[in-house]
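The values are calculated or read from the model by the stated rules, or taken from the named source; none is laboratory data. It should be emphasised that the depicted structure is a prediction, and the values quoted were computed from it without experimental measurement. In this analysis, Cβ positions are derived from the backbone assuming ideal geometry, glycine residues included, and neighbour counts consider all displayed protein chains. For the accessible areas, the whole protein counts, side chains as well, though only heavy atoms, and no ligand, DNA or RNA atoms are used. Shrake-Rupley method; radii C 1.70, N 1.55, O 1.52, S 1.80 Å.
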Amino acid sequence: MSVPKYRVTPLLPDQHEFVVPKKCIKVPADIAAWEKSEAYFEYLGFILALNGAVQGKALDAECPQSDIVNSVVQMLNKFDEWITEIPPTEQPQRFGNKSFRIWHERLQQNAVEELKRVLPEGLHRAILEIVQYLYESFGNPTRIDYGTGHEMAFLMFLCCIFKIGAFKQDDEVAVVTKVFNRYLELVRRLQLTYRMEPAGSHGVWSLDDYQFVPFIWGSAQLIGHPRIEPRHFVDPGVIESYSKKFVFLGCIDFISKVKIGPFAEHSNQLWNVSAVSTWSKVNSGLIKMYKVEVLAKFPVIQHVFFGSLLPLKPMNAPPNSREARPDKRPQTSSQ
C-alpha cells in the first residue's frame, strides 16, 4: 500500500513582496484560525509531499542533488563546526549549558550572510523573511531547550525555500535524505553538547523527547522493505545494521544511546508502534498523531511565525481580501 502523492509547487510572482514574519497565535482560541489557514495547509502539504517522495528510499539511495541542496548541507556543516569552537562551560546544573547562548548568538550574527551564500542573488530579497525560521530551528537560547516547535521551524524554512523556487521538485528526496538528515545530526549534537532540555516533552508518552517528523518520513522510507517490519525496529541487530540507512532506525539508535532501562518503559509510545502490522499503517497513523499532538497544540503553535510565504489568512480567501497576496493559487496540489 502506497502513501498519497503530493507535490510542492512554487508559484511566486517576480514582484512578490517579502515581509518579516510575526507570531500571530496569542491565545488557545486562535488555533482555529491556524487550522483553517493557508500556512497550515501549505505546511502539511509540504510534509506529505516529501513523505511521498521518500517512500521506499534509503538514505544512501541515488537521487538528484542540486547545488542548493549541497549549499544548505555545507551551511549546516559550518553550524556544526561552531559547536567544536564553542565548548560547553563548566557549571553545576545538569541541564542547559550556557555556552549554547554563545552558539545561538553566532547563528543570529551570521545566518543572513550564510543564506546569501546558499541562495542565488536574485532570491536574496527573500532572506529577510526566511531567516526568521532559521533562527528558530535549533532551540531557545533563553531556556536552552529544544522540541518539536523548533523542528517545525526548520521544516518551515525548507518549505519556504521550495516556495521561492530555490529548491525544485527534483530536490524533494535529497531534502529529506541529505538536508534533513544532516539537520538531525546537528541538533542531536547540540542536545548532547549543551545538555538541552526537551521543550514541552510529553515524557514517556511521546514518540521522542525532541523530534517527531523523522518518524513520519522515516516510516515512509521503510514502506515495502523486504525484510524490516515494524516489529523489527526494537531489535538491536536491525538497528545496528540499518540505522545509517533509514531515518526511523537512526532515531531509535539515538534514543537507545541516551536513555537507560527497558525500551518499553522509556519509549512506551514507540513500543506500541512496533505492534502495528505494516509501515504504511505506521506512516498514516503518525501523520494523524502529528496533526493532533503537534499541529493542534497551542504551546507549540504560539511560537510559529507567519509571513507572506506562510500566511495566517484563510485558505482560498477571496482575491479581494485585504490580506490577499498577488498570487492566489494554492501552493501544494495533488498529483
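Before moving on, here are some points about what is shown:
- Taken over region 23-49, residues that are open to solvent by 40 Å² or more (accessible area, probe 1.4 Å) and not aliphatic (A, V, I, L, M) amount to 8.
- Some residue of region 50-61 being on the phi > 0 side of the Ramachandran plot, open to solvent by less than 70 Å² (accessible area, probe 1.4 Å) and out of contact with any Leu (no Cβ under 7 Å at 6 or more places or on another chain): yes
- Tallying residues that are open to solvent by 30 Å² or more (accessible area, probe 1.4 Å), more than 25 Å from ILE223 (Cβ to Cβ) and among the acidic types (Asp, Glu) within region 62-92 yields 4.
- Across region 132-164, the qualifying residues are those that are aliphatic (A, V, I, L, M) and either part of a helix (DSSP H, G or I) or open to solvent by 30 Å² or more (accessible area, probe 1.4 Å) (or both), and the one among them that is farthest from LEU184 (Cα to Cα) is ILE161.
- Sole residue being in contact with a strand residue (DSSP E or B) (Cβ under 7 Å, 6 or more places away or on another chain), polar (S, T, N, Q) and either touching a residue at least 24 places away in the same chain (Cβ under 8 Å) or open to solvent by 10 Å² or more (accessible area, probe 1.4 Å) (or both), chosen from GLN108, GLN169: GLN169
- With respect to being open to solvent by less than 30 Å² (accessible area, probe 1.4 Å), without any contact (Cβ under 8 Å) to a residue 60 or more places away in the chain and either assigned to a helix (DSSP H, G or I) or out of contact with any Asp or Glu (no Cβ under 6 Å at 6 or more places or on another chain) (or both), HIS124 falls outside the description.
- Condition check for PHE167: in contact with a Gly (Cβ under 8 Å, 6 or more places away or on another chain), over 23 Å from TYR290 (Cα atoms) and either outside any helix (DSSP H, G or I) or of a type outside the set (Gly, Ala, Ser) (or both): no
- Restricting region 211-263 to residues that are crowded, with 19+ Cβ neighbours inside 10 Å and hydroxyl-bearing (Ser, Thr, Tyr) leaves a set whose member that is nearest to LEU192 (Cα to Cα) is SER243.
- Among the candidates GLU129, GLU113, the residue that is charged (D, E, K, R), surrounded by 19 or more Cβ atoms within 10 Å (Cβ to Cβ), out of contact with any strand residue (DSSP E or B) (no Cβ under 7 Å at 6 or more places or on another chain) and more than 22 Å from CYS251 (Cα to Cα) is uniquely GLU129.
- Residues that are of a type in the set (Asp, Glu), in contact with a Cys (Cβ under 9 Å, 6 or more places away or on another chain) and closer than 15 Å to CYS160 by Cβ within region 20-53 comprise just one, GLU42.
- Flag for VAL173 being assigned to a helix (DSSP H, G or I), closer than 14 Å to VAL213 by Cα and at pLDDT 95 or above: no
- Residue in region 267-287 that is most open to solvent (accessible area, probe 1.4 Å), counting only those that are within 22 Å of HIS150 (Cβ to Cβ) and assigned to a helix (DSSP H, G or I): GLN269
- Test result for GLY237, part of a helix (DSSP H, G or I), out of contact with any Leu (no Cβ under 9 Å at 6 or more places or on another chain) and over 30 Å from GLN91 (Cα atoms): yes
- Looking at PRO92, PRO88, PRO64, just one residue is outside any helix (DSSP H, G or I) and without any contact (Cβ under 8 Å) to a residue 24 or more places away in the chain, and that residue is PRO92.
- Residues that are modelled with pLDDT of 95 or more, hydroxyl-bearing (Ser, Thr, Tyr) and within 19 Å of PHE138 (Cα to Cα) are absent from region 49-70.
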